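Structure first, commentary second.
Readers should treat all values here as calculations from the given coordinates under stated rules, not as data from a laboratory. Bear in mind that the values here come from a model prediction, so they are computed numbers and not experimental data. Counting neighbours? That spans all protein chains shown, and the Cβs are built from the backbone with ideal geometry, glycine included.
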Amino acid sequence: MQKSGGYFIMKRNLFCTKCFNDEDFEKTTGTITHEIKNEKFEENVEKFICKNCGEEIIEDEDFDESLLKAFNDYRKSHNLLLPEEIKKIRSTYALSQRALARLLGWGQVTIHRYENGSLQDNAHDQMLSFIKQPDNMLKLLEKNKKNISTKLYKKTKEKAETLLLKKSLTDNIIIKKLQSLNKKYSGNKKFDIEKFYNMVIFFSQNIEKLWKTKLLKLIFYSEFINYKKFNTSIAGTPFIHWPHGPVPKRIYALIDILIEDYKAIEMQDISDHYEGSIIINKKDFNPSIFSKEELETLNLVLNKFKNYSSKELCNQTHKEAAYLQTKHNDFISYDYANEIIL
Ligand SMILES: [Zn+2]
């Protein structure tokens, strides 16, 4: 043990209960065996040995530390959650120790004790492993709805649903494919559905009666202008050449994700209008996931084009090299961003 003074304490004068006298003790490293639920676990521990009679003294904190190690060895051999894993499950749902205990119908300090190293019983361990999966957390919430406050119920439900959605979207084959494209088609960035969805919300929140065609052009300009200015797109959206101008690759699938999974927008079809449908937003824009520069670009595009009709905006994109130099269904390289007319 090195003390701040810079010398090692290898010897100590302690009271020996066997010699019944103050004796010199020598420090050594030995082992200690803890018995946990009828199983033995041997751990290393620092000991002081009486030079006179050989009696061993282990200091309280060293004893406690070795016991925690034995608990963790027990956990590992029985596949039980480690204290830090329990902590992680709790923080995934942004719950306090008390809130989680309440939700599970356990004693107030139970979670606190487990996170600090107390050994959890098997039933509790199974329950904690169970709620690791957000869909299971949702089941638990429904079951215990009556026993918890509405606030806790709502807050946790929202969190679990977000986690569930994130999980399903990471497994989404269309998104995976968009993310695997060459970076010249995604503007040096891996496609980010969360940002894409928030760009849609940004424009639909700020433009009254936003036509789908117009929205797609606004996203194109945001991505390409941001690339022109900062050499990176915002959401990594890949575009292809369609008759009305550049559109995001797999746009129908992406819109479906926004409608069905995120429940972020609705489409209202206007049957007597050639442009089809307008976007109605159901969620609020989240600026916190964008950088200052990205927000600047979004506002620049909004201010420049918000009063353009869909037709005017289509005509505008038809003048861009990104459109003129590509053919139907071609991917549009972000190299054309440098020629965007601003
Ligand atoms: Zn002694």
Q.
Can you report the principal axis dimensions of the chain using only the alpha carbons, biggest first, rounded to whole angstrom?
A. 100, 53, 30
Q) What order, most packed first, do the peptides 172-179, 76-83, 310-317 have when packing is the mean number of other Cβ atoms within 10 Å of each residue? A) 310-317, 172-179, 76-83
**Q.** Structure-based [θ]222 nm, the chain - -39500 (n - 2.57) summed over DSSP H runs of at least 4, per residue, nearest 500
**A.** -13500 deg cm²/dmol
Q. Sorted by packing (mean other beta-carbon atoms within 10 Å per residue), highest first, where do 47-59, 12-24 land?
A. 47-59, 12-24
Q: With a Förster radius of 22 Å, plug the Cβ-Cβ distance of Lys263 and Asp171 into 1/(1 + (r/R0)^6) and report the FRET value to the nearest 0.05.
A: 0.75
Q.
Tell me whether region 1-144 comes out rounded, prolate or oblate; compute the Cα gyration tensor, take square roots of the eigenvalues as a ≥ b ≥ c, and use a/c under 1.5 as the rounded threshold.
A. prolate
**Q.** Burial ranking of peptide ranges 223-230, 182-189 (average Cβ count within 10 Å, highest at the top)
**A.** 223-230, 182-189
Q | Rounded to 10°, Cα long-axis angle of helix 212-230 versus longest principal axis of the chain | A | 60
Q. Just Gly276, Gly245, Gly117 to compare: in a GNM of the chain, with alpha carbon springs under 10 Å, which one fluctuates most?
A. Gly276
(Q) Give me the Å³ per residue figure for the convex hull around the C-alpha atoms of region 11-77. (A) 84
(Q) Please enumerate, by chain and number, the lysines with C-alpha under 20 Å from the C-alpha of Lys177, excluding those fewer than 8 residues away in the same chain. (A) Lys166, Lys167, Lys189, Lys190, Lys195, Lys249
Q.
If I take every Cα pair under 8 Å that is 6 or more residues apart in the chain, average their sequence separation and divide by the length, what percent do I get for the relative contact order?
A. 11
